[in-house]
Structure formats: structure tokens, C-alpha cells
């Protein structure tokens, strides 16, 4: 009985696909917001390293492109499933 309880407490919590997708989208959104904040700071003339600004913008861009590709794959899979004969 104690071994079963110990196994349950050590097992990682299962996450749903929706939770994982929501977490990923929040991460991409945060990256875009950070890039926008750094860009605005640089444009206002604050002491911000241009390399840091460009890196943040590039990371936000890559994150968005990856999210877009995942969306396209999900949409394609949905269309394939819906076109299957029953």
C-alpha cells in the first residue's frame, strides 16, 4: 500500500494536448511582447544593446513561424480525418 502511494506521488502529472498547446502559445506571445518592449526601449533612446533587440525579434519571429507550421499541420490532419470514409 505504501509502495503504491509512493509511486503515485512520484508520477508526473498528465497534461492534456490543449494544456500543452496553450502553454506553447503563451510562450510565443511572451516572446513577442518582450521583443516589442525591447524595440520600443531602443526607439526611445534608452541604453539597450541593439544585438539584444535583434536577437529578441528573431526569436519571436522563429517562435511565431514554428507555431504557424504546427497550426498548418493540425489543420491538415483535421481535414484528412474529416475526409475519411466512415
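Would you please name the residue that is surrounded by the fewest Cβ atoms within 10 Å (Cβ to Cβ), looking only at residues in the range 36-57 that are over 25 Å from the mean Cα position of the chain (by Cα) and part of a helix (DSSP H, G or I)?
Checking each candidate, the answer is 43.
So the check is Cβ under 6 Å with 6+ separation or different chains; which pairs have a first residue in the range 23-46 that's without any contact (Cβ under 8 Å) to a residue 24 or more places away in the chain and a second one that's surrounded by 14 or more Cβ atoms within 10 Å (Cβ to Cβ) and in a helix (DSSP H, G or I)?
Correct list of pairs: 38/53; 38/56; 39/53; 42/53.
For the range 2-25, state whether one or more residues are exposed (fewer than 13 other Cβ atoms within 10 Å of the Cβ), out of contact with any helix residue (DSSP H, G or I) (no Cβ under 6 Å at 6 or more places or on another chain) and modelled with pLDDT of 95 or more.
No, because not a single residue in the range 2-25 is exposed (fewer than 13 other Cβ atoms within 10 Å of the Cβ), out of contact with any helix residue (DSSP H, G or I) (no Cβ under 6 Å at 6 or more places or on another chain) and modelled with pLDDT of 95 or more.
The values are calculated or read from the model by the stated rules, or taken from the named source; none is laboratory data. As the structure is a prediction and not an experimental result, all values here were calculated from the model. Quick reminder, even Gly has a Cβ in these numbers, built from the backbone with ideal geometry, and neighbours come from all protein chains shown.
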